[in-house]
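Worksheet: one structure, shown below.
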Amino acid sequence: MDTDLIRFVAGRLLQGALVVLGVATLVFVLLHLAPGDPLTVLSDAPQVAPEALRQVRRDFGLDRPIGEQYVRYLARLVQGDLGVSITQHRPVTTALAGAIPHTLLLAAAALLVDFAVGIGIGVAQGRRAGTRTDRLLSVVTITLYATPVFAFGLLLLGVFGETLGWFPLGGSVDPIRHAGLSVIGRAMDRLHHLALPALTLGLVAAAYTARHQRSALLDVIQQDFVRAARGRGLAEHAVLVRHALRNALTPTITLAGLALPALLSGSVLVESVFGWPGMGRLAAEAIGRRDYPIVTAAAIFAAAMVVVGNLLADLAARAADPRLRSVR
Amino acid sequence: MTRLQVGSGLVGVLLLLAVLAPVLATHPPHVQLDLDALRNAGPSLTHPLGTDPYSRDLLSRVLHGARVSLGIAVLAVLVAVIVGVTVGVVSGWAGGVLDAVLMRIVDAALAVPRLFTVLVPLALWEHVTVPAIIAILGGTGWFAMSRLVRAEVRAARARPWVAAARAVGVPPIRIVARHLLPNIAGPVIVVATMGIGQVVLLEAGLSYLGLGVPQPLPSWGSIIADGQPVLRAAPWVAGSAGLALVATVLAFTLVGDGLRERLDPRAS
């Protein structure tokens, strides 16, 4: 490993930690700017004695000065203590541990669909730009691009789930059969449940990737080295794959890291459509129910994923384009 | 027909439908007509798009939904344009530390998916009203705009005619208003047009999650949410609002694409 790379990653991780700290602070400030505290709702209820409320406030440290609360909040965060969910009555870390793997699985599968389909369509269009096929595919991608991801999910759910019955209607596994299945059976069961949400998220994202890939390939095809390769009498296929595509893929690869946060934001909606038990649904429900410890944790998770995504994008770009390796 | 023509035609029709919704709608959008006999009814002459699970006339809801969704989107983008152009002009004109700080903030904000930046204030707002939604959607939509304006202002600032105007003592505000803004109007309009489509999508997503436009105001997103439990029995509920959404976002994207091509023919 070259030291340049290690230094680059270390620097970016340090920056990332600062960003996450910034987001944690921002959420804390916004929470405390809002009138009242999590217990304000209770103080309207006549059956709750004021003395009991004071006791709870003391227990949770809500009666301390705001500076002290902030320091305690950060100290707990650093120790990995995210508090207790108000509506689920369990530690936030437990809720996250259950949800995060589901979301990462969904995002990874969607990323695969996104790039396989997006690059495929983009290249198919770019190599025969201006033809009827190109125009037809453009109509498809621009329509998909304009489709709300949750509406597309419902369409797939309605057609392939409810009407044709090919796929389950929601959840991440079959609640009754899953436990009794073999290892392979369980994996198949999970894939079966994963298919529609991953296709929903991946295909909508692929519309963007395809538009991007098409114009990247068109840019490269017009350049001199491609004309030179053609002039040398290379087969069109070799020109395309070995010369044009290799260069035209670089901007798309850079997209991959940036696609991660975008897919995660899309998963907030897709998980709600399919009842997929991940971070997105957890966060959406927590927001609806004002479950602040979960909202805080979800915001921090989102910030961390944005940092990781950007780092991956930079690393991918450096791997694909040696000229960037000297840049810190 | 070019994309621009198809898009502007569609936008025109949609705006017309939104403006005329109170005239065109056959029923008030939130009146429950007959909970016993008229739930999830299919399309008919009296209810051209059928009724929803709460026995409300769907055509009227979708038409009024156009008003709500487009109204919010246009106003939010207006907020975004005002903030984005102001920040961009200040940043580009002032340069130095102020420019560096503003653009670092914009960089950070651009790295975060918009749904996240929108959800955080929504989560902390007690009762989300329509003006609050407009403020949140507009307040998170100006980052790319400010970058664009800043770049144009910086480029223009170096031009001889701006130097000449400064030399003869024209105040900066006047130079910006009379000489710079007219020159950057084109790209700003392109970004704003695309922005309307994006805000329509975003607001629909929020309303679908129940975090956007408060009930019983009809929003396309909440109509789709109403239709989800009866997807099979009454596909027209989610379907009509879904089609309206796709048509709207498509229309604004086509106009944005078309305008960009007009302004910069090489970019296509």
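The values are calculated or read from the model by the stated rules, or taken from the named source; none is laboratory data. From a predicted model like this one, the values you see are computed outputs, not experimental measurements. Cβ coordinates were reconstructed from backbone atoms using ideal geometry, including for glycine residues, and neighbour counts include every protein chain displayed.
Of all residues in segment A:83-107, those that are in contact (Cβ under 8 Å) with a residue 24 or more places away in the chain and either over 22 Å from A:P261 (Cα atoms) or charged (D, E, K, R) (or both) total 6.
Within segment B:79-116, can you find the residues that are buried (at least 19 other Cβ atoms within 10 Å of the Cβ), part of a helix (DSSP H, G or I) and at the interface with chain A (Cβ under 10 Å from one of its Cβ atoms)? Of everything in segment B:79-116, those that are buried (at least 19 other Cβ atoms within 10 Å of the Cβ), part of a helix (DSSP H, G or I) and at the interface with chain A (Cβ under 10 Å from one of its Cβ atoms) turn out to be B:R114, B:L115, B:F116. Residue count for segment A:268-280, restricted to those that are at the interface with chain B (Cβ under 10 Å from one of its Cβ atoms) and either closer than 17 Å to B:G221 by Cα or not in a helix (DSSP H, G or I) (or both): 4. Considering segment B:210-268, and only residues there that are without any contact (Cβ under 8 Å) to a residue 60 or more places away in the chain and among the basic types (K, R), the residue that is nearest to A:H212 (Cα to Cα) turns out to be B:R266. Does segment B:208-222 hold any residues that are within 13 Å of chain A (Cβ to nearest Cβ) and either of a type in the set (F, W, Y) or surrounded by 24 or more Cβ atoms within 10 Å (Cβ to Cβ) (or both), and which are they? B:Y208, B:L209, B:G212, B:S219, B:W220, B:G221, B:S222 - these are the residues of segment B:208-222 that are within 13 Å of chain A (Cβ to nearest Cβ) and either of a type in the set (F, W, Y) or surrounded by 24 or more Cβ atoms within 10 Å (Cβ to Cβ) (or both).
Scanning for something surrounded by 17 or more Cβ atoms within 10 Å (Cβ to Cβ) and of a type outside the set (A, V, I, L, M), does segment A:90-108 turn up at least one residue? Within segment A:90-108, one or more residues are surrounded by 17 or more Cβ atoms within 10 Å (Cβ to Cβ) and of a type outside the set (A, V, I, L, M). Inspect all residues belonging to segment A:249-260 and state whether any of them is surrounded by 24 or more Cβ atoms within 10 Å (Cβ to Cβ), at the interface with chain B (Cβ under 8 Å from one of its Cβ atoms) and part of a helix (DSSP H, G or I). No, segment A:249-260 contains no residue that is surrounded by 24 or more Cβ atoms within 10 Å (Cβ to Cβ), at the interface with chain B (Cβ under 8 Å from one of its Cβ atoms) and part of a helix (DSSP H, G or I). Filtered by the rule that a residue be basic (K, R) and closer than 19 Å to B:V191 by Cα, segment B:75-118 gives a lone residue, B:R114. Scanning segment B:124-149 for residues that are assigned to a helix (DSSP H, G or I) and in contact with a Leu (Cβ under 8 Å, 6 or more places away or on another chain) turns up B:L124, B:V130, B:I133, B:I134, B:I136, B:L137, B:G138, B:F143, B:A144, B:S146, B:R147.
Kindly indicate the residue of segment A:181-212 that is hydroxyl-bearing (S, T, Y) and surrounded by fewer than 22 Cβ atoms within 10 Å (Cβ to Cβ) and also farthest from A:G266 (Cα to Cα) among those meeting that condition.
Here the answer is A:S182.
How many residues, within segment A:114-131, are within 17 Å of A:V220 (Cβ to Cβ) and not in a helix (DSSP H, G or I)? So the count comes out to 3.
Note on segment A:282-299: residues that are without any contact (Cβ under 8 Å) to a residue 60 or more places away in the chain and at the interface with chain B (Cβ under 8 Å from one of its Cβ atoms) total 4. Note on segment B:157-268: enclosed helices (runs of 4 or more DSSP H) holding 2 or more residues that are at pLDDT 85 or above and of a type in the set (A, V, I, L, M, F, W, C) are B:160-167, B:181-208, B:220-227, B:235-263.
For every residue, the table says whether it meets (1) more than 9 Å from chain A (Cβ to nearest Cβ); (2) more than 14 Å from the chain's Cα centre (by Cα).
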position: B:D226; (1), (2): yes, yes
position: B:V230; (1), (2): yes, yes
position: B:G239; (1), (2): no, yes
position: B:L245; (1), (2): no, no
position: B:L250; (1), (2): no, no
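Using beta carbons and a limit of 8 Å, which pairs, at least six apart or on different chains, have the first residue in segment A:254-276 and without any contact (Cβ under 8 Å) to a residue 40 or more places away in the chain and the second one assigned to a helix (DSSP H, G or I) and among the basic types (K, R)? Partner pairs satisfying both residue conditions: A:S265/B:R114; A:V268/A:R281.
Let me confirm something: among B:V188, B:V199, which residue is more than 9 Å from every other protein chain (Cβ to nearest Cβ), in contact with a Leu (Cβ under 8 Å, 6 or more places away or on another chain) and closer than 19 Å to B:L14 by Cβ?
Answer to the check: B:V199.
Residues of segment A:115-137 include none that is touching a residue at least 40 places away in the same chain (Cβ under 8 Å), within 20 Å of the chain's Cα centre (by Cα) and under 26 Å from A:A283 (Cα atoms).
Might you check whether a residue that is surrounded by 12 or more Cβ atoms within 10 Å (Cβ to Cβ), at pLDDT below 75, in a helix (DSSP H, G or I) and among the aromatic types (F, W, Y) occurs anywhere in segment A:4-16?
Checking segment A:4-16: not a single residue is surrounded by 12 or more Cβ atoms within 10 Å (Cβ to Cβ), at pLDDT below 75, in a helix (DSSP H, G or I) and among the aromatic types (F, W, Y).
Being under 14 Å from the mean Cα position of the chain (by Cα), more than 11 Å from every other protein chain (Cβ to nearest Cβ), surrounded by fewer than 20 Cβ atoms within 10 Å (Cβ to Cβ) and assigned to a helix (DSSP H, G or I) is a property that holds for A:L312.
Looking only at residues of segment A:170-199 that are out of contact with any Phe, Trp or Tyr (no Cβ under 8 Å at 6 or more places or on another chain) and outside any helix (DSSP H, G or I), we find that the one that is farthest from the other protein chains (Cβ to nearest Cβ) is A:S182. Within segment A:132-176, the residues that satisfy the criterion of being polar (S, T, N, Q) and within 29 Å of B:Q198 (Cα to Cα) are A:T133, A:S138, A:T141, A:T143, A:T147.
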